[in-house]
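Structure first, then comments.
The values are calculated or read from the model by the stated rules, or taken from the named source; none is laboratory data. What you see is a predicted model, and the numbers here were worked out from it, not measured in a lab. Because the Cβ atoms are built from the backbone with ideal geometry, glycine has one as well, and the counts that use them run over all protein chains shown. Side chains included, ligands, DNA and RNA excluded: accessible areas come from the protein's heavy atoms. Shrake-Rupley method; radii C 1.70, N 1.55, O 1.52, S 1.80 Å.
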Amino acid sequence: MSRYLCHTQPDCFNFDADVIARRPNAVLLDRSFFYPGGGGQLADRGTLQWNGGELKISRIEAEGGNAWHCFDEADIGAVPGDRVTVSVDREFRSMMSQLHTGLHILNALVYQRFEGSLVTGVQMAADGTARIDFDLPEVDNNELRKLEPELNTLISDGLQVNAVYLNAAELAREPGVLRSRSVAPPSQDDGTTRIIEIVGLDRQACGGTHLSKTSQSAPLRILKIENKGQHNRRIRVGLVK
């Protein structure tokens, strides 16, 4: 996987592109700054304009290294060779990045406090809520609820958030950066793995979008904690609006 343009140029929300393929209700572009989704994070949304119309991009469908930009409306008039103008929904990207950054902070607190507990599932939602599951068979749920004040202190502290890339040897020398029990971010074309570092707090592998400072996020509220099976604890959080 080559590096996503949304990672290398995270502040690009408007760009021109050429249509290189078309199918009903979807186009393939020669370049895209959309996050295609993955790791529990929803794909970016936005709009596509061409000479003759505009449609909302509602989702991205990844197939064989290609990212098809899909529409819920009727088939569009743009054809291969057309030049189009594309916009990423900045507010939706911001919401996803706030949730994702906040989940990293919560993940760090749980990992540090409860003997390296691993993540067993994550899902972010379009309503500004998310859930994260941990392998935590013997923890009192009230102890998890007590993490909320520290979570929000770390958000308001404005910690720097960086992305670095580790090769296989460096990854092996840094235990704890692979934090999920079931999945890991795919390697880049050069064999490296993307690591999100919240300076002074945490480093973990991740392929999603994040803030550049934690203070760019709204506070998070722990909405609910559920027991899911013998081992899993599900923590539901929501951005305070």
_Total formal charge among the other residues, if their Cβ is under 14 angstrom from that of THR8, Lys/Arg +1 and Asp/Glu -1_ = 0
_Cβ-placed point charges (K, R +1; D, E -1), dipole of segment 80-184 about Cα centre in debye, nearest 20_ = 280
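So between GLU138 and GLN112, what do we pick up on full extension, going 0.36 nm a residue minus the alpha carbon distance?
Gain on stretching GLU138 to GLN112: 7.8 nm.
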_Over the chain, what is the relative contact order in percent, taking alpha-carbon pairs closer than 8 angstrom and at least six residues apart?_
20
*Sticking to Cα atoms, compute the Rg of segment 9-142 to one decimal and its Dmax as the biggest Cα-Cα distance, whole number, in Å.*
18.5, 60
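Can you compute the FRET efficiency between GLU174 and ARG23 using 1/(1 + (r/R0)^6), with r the Cβ-Cβ distance and R0 = 35 Å? Round to the nearest 0.05.
Values: r = 42 Å, r/R0 = 1.21.
Calculated transfer efficiency: 0.25.
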*How about segment 127-184: which trypsin sites (Lys or Arg not before Pro) there lie in a loop by DSSP and see at most 10 other Cβ atoms within 10 Å?*
ARG173
*Where does segment 80-198 land on Rg(C-alpha)/(2.2 N^0.38 Å)?*
1.26
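Please report the carbon-and-sulfur percent of the accessible area for the chain; probe 1.4 Å, protein heavy atoms only, DNA, RNA and ligands left out.
In the chain, the share of accessible area belonging to carbon and sulfur is 46 percent.
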_Helical contribution to [θ] at 222 nm, DSSP H n ≥ 4, -39,500 (n - 2.57), averaged over the chain, rounded to 500_ = -5500 deg cm²/dmol
*Just subtract the alpha-carbon distance of ALA126 and SER156 from 0.36 nm times their residue separation and send over the number in nm, one decimal.*
8.5 nm
*Rough spin-label spacing in nm, given labels placed 7 Å along Cα→Cβ, for ASP30 and LYS241*: 4.0
*Given R₀ = 41 Å, FRET efficiency for ASP72-SER215 by Cβ-Cβ distance, to 0.05?*
0.70
_Assuming 0.36 nm per residue, please report the length gained on full extension of the stretch CYS12 to ASP189 beyond their Cα-Cα distance._
61.5 nm
*For every other residue with a beta carbon closer than 11 angstrom to the beta carbon of LYS241, add +1 if it is Lys or Arg and -1 if Asp or Glu, then tell me the sum.*
0
_Separation of the SER94 and GLU61 label points, Cα + 7 Å toward Cβ, nm_ = 3.2
*Give the cross-link partners of LYS228 among the lysines, using a straight C-alpha distance below 24 Å as the criterion and excluding same-chain residues fewer than 8 apart.*
LYS146
*asked:* For segment 153-216, take every pair of Cα atoms, bin their distances at 5 Å starting from 0, and report each bin as a whole percent.
replied: 4, 18, 27, 23, 16, 9, 3, 0
*Given (i) 58, 42, 35; (ii) 50, 39, 31; (iii) 68, 34, 28 as candidate values of Cα extents along the principal axes in Å, which corresponds to the one derived from the coordinates?*
(i)
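Enter the accessible area per residue of segment 134-207 (Å², integer; probe 1.4 Å; all protein chains in place).
52
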